[in-house]
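The values are calculated or read from the model by the stated rules, or taken from the named source; none is laboratory data. If you're wondering where the values come from, they're calculated on a predicted model, not measured in any experiment. Ideal geometry is used to build each Cβ from the backbone, glycine not excepted, and the neighbour counts take in all protein chains shown. Please note that ligands, DNA and RNA were not included when accessible areas were found on the heavy atoms of the full protein model with its side chains. Shrake-Rupley method; radii C 1.70, N 1.55, O 1.52, S 1.80 Å.
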Amino acid sequence: MTFSVAKLISALVDGIFPKTPGFFSVIILAGLLSLLHLGKKKRAWKAVLNIRKSPLSREIVLFILYSLLSGATMLYQMPLLLIASSVTGLILLLSIDAVYLFADKRKTVFLHSGQTFITALLMVSFLTGKILPFIFVAAIKLVTILWNMITNRDDNLNFVMRFVRTSMLIITCISMISGISYPENAVIILFLTGELLDRIMFYIDFKPLDINRLIYSHLKEAEK
């Protein structure tokens, strides 16, 4: 979904319309993957009924609205619809992040480089070749990565993943600034792999309140 919104906004910035088949395939794939969030698929239609209080309900409603606006944009090729769908896409990404923030209010999740909104901004600057915005957003990501490396008690694997992800982002920055290998396929793959790894780390760091885990952590602290 993040890539879909980024592609749409990139088209807006470049003054063009995204290619219809590839764009819709991304939206359809995102919709199918979103079904994994729902425990009982037959009751999925009820998920939109609690829009006032449920972040998940708002996310689903915004996804439907975004899909409809994007479809209308592709069908009618109207700039106003492109703007409306882009804005709706950004709000949708904020709502996706809000679902996790609602369940886990720790700063390590609130300030995380794997959030969909900040990732979309970085993707837009990368896809449009805007160096200064890319450096600005990348700097925010690097700061949050370092913050999580300091505050989280990572095991060796998680530390290596953060280190590799940081290296990928720095290499992409160097490629954009110097113009070497940008935008060749190798750099694009490196960039997208880094963003995927960032999202994986977000899910690893996401730890909603669990009473059993809370009791266990207190017991471990007491033993020290």
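By per-residue mean of other Cβ atoms within 10 Å, what is the highest-first order of 119-125, 154-160?
Values: 119-125: 24.3, 154-160: 11.7.
Result, highest mean Cβ count within 10 Å first: 119-125, 154-160.
Please report the accessible area of Met74 (heavy atoms, 1.4 Å probe, ligands and nucleic acids excluded) in Å², nearest 10.
About 10 Å², rounded to the nearest 10.
R0 = 25 Å: FRET efficiency of Leu101 with Asn185, Cβ-based, nearest 0.05? Before the final figure, lay out each step's value.
On the way: r = 35 Å, r/R0 = 1.40.
Efficiency computed from Cβ-Cβ geometry: 0.10.
Check each of the trypsin sites (Lys or Arg not before Pro) in segment 101-182 and keep only those in coil by DSSP with at most 14 other C-beta atoms within 10 angstrom; list them in order.
Lys105, Arg153
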